Amino acid sequence: MKGIVIKYNEKNINTDLIIPARYLNKSDPEHLAKHCMEDLDPNFHEKKRKLDATILVGGSNFGSGSSREQAPISLKAAGIKCVIAPTFARIFFRNSINIALPVIEFSNINEFNSGDVLQIDLDEGMLINQTTDKKFDIKKVPKFIQEIIRQNGLVNFAKKKLTEN
Amino acid sequence: MGLTISEKILRDHSQNPHVVAGDYILAKIDKCLANDITAPIAIEVFKEVVKGTNKGVFDLDRIILTPDHFTPNKDVASANQCKIMKDFAWKNAISNYFEQGRVGIEHCLIPEQGLVRPGELFIGADSHTCTYGALGAFSTGVGSTDLGVAMALGKAWFKIPESIKFIYSGELKKWVSGKDLILYTIGEIGVDGATYKAMEFTGEIIDNFSMANRFTMCNMAIEAGGKNGIINPDAVTEQYLREKNINQYKIYKSDDDAEYFETISVECGEIEPQVAFPHLPENSRPISEVNDMKIHVDQVVIGSCTNGRLEDLKIAAKIIENNKINPNIRCIVIPGTQEIYLQAIKKGYVRTFIESGAIVSTPTCGPCLGGHMGILAKGEKALSTTNRNFKGRMGHVESEVYLSSPATAAATALKGYITSPEYL
Ligand code: SF4
């Protein structure tokens, strides 16, 4: 996977900031995408477009707060292909994997800036910042999780299991 | 090398007898739970998973559905949500659907009904599902997709967590409860201090704690980012189960040589009743400091899945008895379940509350999540026995919520500013 970074340094970017509760009355992904990150940065979409970014980098405890699945759904629908943060709140982490949005724990986010081009190999556990020409080891994505992501999410994964049994 | 109780339960529910902390497993679950907010999405997911097959729900008796958040339905939107759930329950003959009038706040109701037992693997599409660890079950909150899939497969995926062992020792000061200890603990380690980890509560203080105090502590594990809270079953647990006529369950306990990510010893002798300031549960401060600040509040809430049990109402009623609620305060008391409500009537607590000038509501989550039955106006403050004081949690975004134990809440309702019974 290769993409350009859009970065927010803030810690505790919670699910209310990612998708405010007032927009949860409709669940279609395009509607959610439109309001994604609105309360953190009203210019999120414009910035993202200018940078042509698809990799979101955030501070620690990313996705804390409610268990709402609309948070990762809105990010994915807004064109984010991967989120990198030092730590994630665990239900957000689960929900992201369940909808096949890769989330990567990486503590030294100072190594990335908005606009950097990253090359990521999830299976091998490797990340290259092509802009700074630095290479990093990241935690390998466990086989089990790779499988869910490869099947494009938990629903398909479960469908397959159900018919196997 | 020994194992923790959390590791043992997860291992026994997976197909691989050798898995250890850090491994990912697809595990068989014993029960799963959804409520009026999370069930509708989970039901959509379930339908998608079983589409084109002749499969139904994995087990008619192991799915629990509770319309408890906006009970009784507060508006058309919440009524629609509940109807989706009810239709699904009837159509699939799900036995553990609790219609309003029989439902209660899920995390008070489920243990009360004997629907969770030691050694079980329990998931709920609600973050405070971690409450049942108090009975020695592995119990954790998940998203709606997880729940929808679980209703079809009877399975869910887990990363086996490392555990943090908390050892509570010493002699508690008067008026210090499980709520105060957990607020103190979150204040020490922070709202992400236990992210992904199992929080295992041990020590002489836990040994002597009632089930109510144990539920309260496990309930708030998520507020430190924990995956679950858990307590090794003992005589107190068994007594609780005996009273419910439950005799089939499996006891797991942590081995003496189990490996922990961290062990945190808490000497409790000097801990005072705690109050968590807006807008995070980690902002806890001792009552002596808070009392001097004379923080006047507009509303006091006594209830929720954290502190809506009979013991909590009893403590509050004893403090309020023969007194009047401060003229400036709306005091709202919410029993956790119909059974607790009934007991509170029989024991005279409800009369005490009403005579003092408090409101007693039917069991509901209501104000805890800013749903209904006690919403704050712009600029208003509340002291509440609930578990979250995030911005806007109980109403307007510019309102404030402070968290405390029932004793502190009752004293505050009488005085009008945040205080504890020792200052009355
Ligand atoms: S009482 Fe509050 S925290 Fe508990 S389940 Fe209800 S809304 Fe959630």
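What's the total number of residues in the range B:111-126 that are buried (at least 24 other Cβ atoms within 10 Å of the Cβ) and either at the interface with another protein chain (Cβ under 10 Å from one of its Cβ atoms) or out of contact with any helix residue (DSSP H, G or I) (no Cβ under 8 Å at 6 or more places or on another chain) (or both)?
The qualifying residues number 3.
Out of curiosity, is B:SER404 assigned by TED's automatic domain parsing to the domain that holds B:ILE319, of a type in the set (Ser, Thr, Tyr), within 16 Å of the ligand (Cβ to nearest atom) and surrounded by fewer than 22 Cβ atoms within 10 Å (Cβ to Cβ)?
Against the criterion (assigned by TED's automatic domain parsing to the domain that holds B:ILE319, of a type in the set (Ser, Thr, Tyr), within 16 Å of the ligand (Cβ to nearest atom) and surrounded by fewer than 22 Cβ atoms within 10 Å (Cβ to Cβ)), B:SER404 does not qualify.
Anything in the range A:91-110 that is among the aliphatic types (A, V, I, L, M) and at negative phi? List them, or say none.
Selection gives A:ILE91, A:ILE97, A:ILE99, A:LEU101, A:VAL103, A:ILE104, A:ILE109.
Per-residue answers, yes or no, for (1) under 24 Å from B:LYS51 (Cβ atoms); (2) surrounded by 14 or more Cβ atoms within 10 Å (Cβ to Cβ); (3) within 12 Å of another protein chain (Cβ to nearest Cβ); (4) over 21 Å from the mean Cα position of the chain (by Cα):
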residue: A:LEU127; (1), (2), (3), (4): no, yes, no, no
residue: A:GLN130; (1), (2), (3), (4): no, no, no, no
residue: A:PHE136; (1), (2), (3), (4): no, yes, no, no
residue: A:LYS139; (1), (2), (3), (4): no, no, yes, no
residue: A:LYS143; (1), (2), (3), (4): no, no, yes, no
residue: A:ILE148; (1), (2), (3), (4): yes, yes, yes, no
residue: A:GLY153; (1), (2), (3), (4): yes, yes, yes, no
residue: A:THR163; (1), (2), (3), (4): yes, no, yes, yes
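Across the range B:64-104, what is the number of residues that are more than 14 Å from every other protein chain (Cβ to nearest Cβ), touching a helix residue (DSSP H, G or I) at 6+ places or on another chain (Cβ under 8 Å), assigned to a helix (DSSP H, G or I) and within 16 Å of the ligand (Cβ to nearest atom)?
Result for the range B:64-104: 1.
Just to be sure before I move on: is A:ILE4 under 28 Å from B:ILE123 (Cβ atoms) and surrounded by 16 or more Cβ atoms within 10 Å (Cβ to Cβ) in the structure I sent?
In short, no.
Answer with yes or no whether B:GLY136 is out of contact with any Lys or Arg (no Cβ under 7 Å at 6 or more places or on another chain), within 16 Å of the ligand (Cβ to nearest atom) and of a type in the set (Gly, Ala, Ser).
For B:GLY136, the condition - out of contact with any Lys or Arg (no Cβ under 7 Å at 6 or more places or on another chain), within 16 Å of the ligand (Cβ to nearest atom) and of a type in the set (Gly, Ala, Ser) - is not met.
Can you tell me which of B:ILE5, B:ILE29 is away from chain A (no Cβ under 14 Å) and either within 16 Å of the ligand (Cβ to nearest atom) or surrounded by 21 or more Cβ atoms within 10 Å (Cβ to Cβ) (or both)?
After applying the criteria, what remains is B:ILE5.
Okay, residues lined up against (1) under 23 Å from B:HIS279 (Cβ atoms); (2) of a type outside the set (S, T, N, Q); (3) within 14 Å of another protein chain (Cβ to nearest Cβ):
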residue: B:VAL149; (1), (2), (3): no, yes, yes
residue: B:TRP157; (1), (2), (3): no, yes, yes
residue: B:GLU162; (1), (2), (3): no, yes, yes
residue: B:LYS173; (1), (2), (3): no, yes, no
residue: B:TYR184; (1), (2), (3): yes, yes, no
residue: B:LYS197; (1), (2), (3): no, yes, yes
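Pull up the range B:372-394, narrow it to residues that are within 23 Å of B:ALA79 (Cα to Cα), buried (at least 20 other Cβ atoms within 10 Å of the Cβ) and not aliphatic (A, V, I, L, M), then point me to the one that is nearest to the ligand (Cβ to nearest atom).
If we take residues in the range B:372-394 being within 23 Å of B:ALA79 (Cα to Cα), buried (at least 20 other Cβ atoms within 10 Å of the Cβ) and not aliphatic (A, V, I, L, M), then B:ARG393 is nearest to the ligand (Cβ to nearest atom).
Identify, by number, the condition in (1) modelled with pLDDT under 95; (2) more than 23 Å from B:ASN213 (Cα to Cα) that B:LEU369 doesn't meet.
Just one mismatch for B:LEU369, condition (2).
If a residue has to be aliphatic (A, V, I, L, M) and either surrounded by fewer than 19 Cβ atoms within 10 Å (Cβ to Cβ) or assigned to a helix (DSSP H, G or I) (or both) to count, how many in the range B:32-44 make the cut?
Matching residues across the range B:32-44 total 4.
Quick check on the range B:353-363. Is at least one of its residues within 16 Å of the ligand (Cβ to nearest atom) and surrounded by 23 or more Cβ atoms within 10 Å (Cβ to Cβ)?
Yes: one or more hits.
So for the range B:192-211 (the condition being out of contact with any helix residue (DSSP H, G or I) (no Cβ under 8 Å at 6 or more places or on another chain) and surrounded by 20 or more Cβ atoms within 10 Å (Cβ to Cβ)), does at least one residue qualify?
Yes, there is a match, as at least one residue in the range B:192-211 is out of contact with any helix residue (DSSP H, G or I) (no Cβ under 8 Å at 6 or more places or on another chain) and surrounded by 20 or more Cβ atoms within 10 Å (Cβ to Cβ).
Restricting to the range A:1-44, name every residue that is in a helix (DSSP H, G or I), under 30 Å from A:ILE128 (Cα atoms) and in contact with a Gly (Cβ under 9 Å, 6 or more places away or on another chain).
Applying the first criterion (in a helix (DSSP H, G or I)) to the range A:1-44 yields A:15-18, A:21-23, A:29-34, A:44.
Applying the additional criterion that residues be under 30 Å from A:ILE128 (Cα atoms) yields A:15, A:17-18, A:33, A:44.
Correct list: A:THR15, A:LEU17, A:ILE18, A:ALA33.
State all residues of the range A:92-121 that are more than 13 Å from every other protein chain (Cβ to nearest Cβ), more than 16 Å from A:TYR8 (Cα to Cα) and touching a helix residue (DSSP H, G or I) at 6+ places or on another chain (Cβ under 7 Å); if no residue qualifies, say none.
A:PRO102 - this is the single residue of the range A:92-121 that is more than 13 Å from every other protein chain (Cβ to nearest Cβ), more than 16 Å from A:TYR8 (Cα to Cα) and touching a helix residue (DSSP H, G or I) at 6+ places or on another chain (Cβ under 7 Å).
Can you tell me which of B:GLU238, B:GLU270 is surrounded by fewer than 19 Cβ atoms within 10 Å (Cβ to Cβ) and not assigned by TED's automatic domain parsing to the domain that holds B:GLY178?
Testing whether each residue is surrounded by fewer than 19 Cβ atoms within 10 Å (Cβ to Cβ) and not assigned by TED's automatic domain parsing to the domain that holds B:GLY178 leaves just B:GLU270.
This table checks each residue for (1) of a type in the set (D, E, K, R); (2) under 19 Å from B:GLY178 (Cα atoms); (3) touching a strand residue (DSSP E or B) at 6+ places or on another chain (Cβ under 8 Å).
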| position | (1), (2), (3) |
| --- | --- |
| B:GLY336 | no, yes, no |
| B:LEU342 | no, no, no |
| B:HIS372 | no, no, no |
| B:LYS381 | yes, no, yes |
| B:LEU403 | no, yes, yes |
| B:TYR417 | no, no, yes |
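State whether the residues of the range B:291-301 include one that is within 16 Å of the ligand (Cβ to nearest atom), farther than 23 Å from B:PHE70 by Cβ and at pLDDT 95 or above.
Within the range B:291-301 (the criterion being within 16 Å of the ligand (Cβ to nearest atom), farther than 23 Å from B:PHE70 by Cβ and at pLDDT 95 or above), the answer is no, since none of the residues qualifies.
Pairs under 9 Å by beta carbon, first residue within 11 Å of chain B (Cβ to nearest Cβ) and on the phi < 0 side of the Ramachandran plot in the range A:78-90, partner crowded, with 22+ Cβ neighbours inside 10 Å and hydroxyl-bearing (Ser, Thr, Tyr), six or more apart or different chains?
Note: pairs meeting the criteria are A:PHE88/A:SER64; A:PHE88/A:SER96; A:ALA89/A:THR15; A:ALA89/A:SER64; A:ARG90/B:THR140.
Could you identify the single residue in B:VAL50, B:VAL20, B:VAL76 that is of a type in the set (A, V, I, L, M) and closer than 20 Å to A:GLY153 by Cα? So that I can check it myself, show each step before the final result.
Values: B:VAL20 fails: closer than 20 Å to A:GLY153 by Cα; B:VAL76 fails: closer than 20 Å to A:GLY153 by Cα.
Selected residue: B:VAL50, the only one of B:VAL50, B:VAL20, B:VAL76 that is of a type in the set (A, V, I, L, M) and closer than 20 Å to A:GLY153 by Cα.
The values are calculated or read from the model by the stated rules, or taken from the named source; none is laboratory data. Treat the numbers as computed from the prediction; the structure is a model and nothing was measured. Glycine gets a Cβ as well: all are built from the backbone with ideal geometry, and neighbour counts include every protein chain shown.
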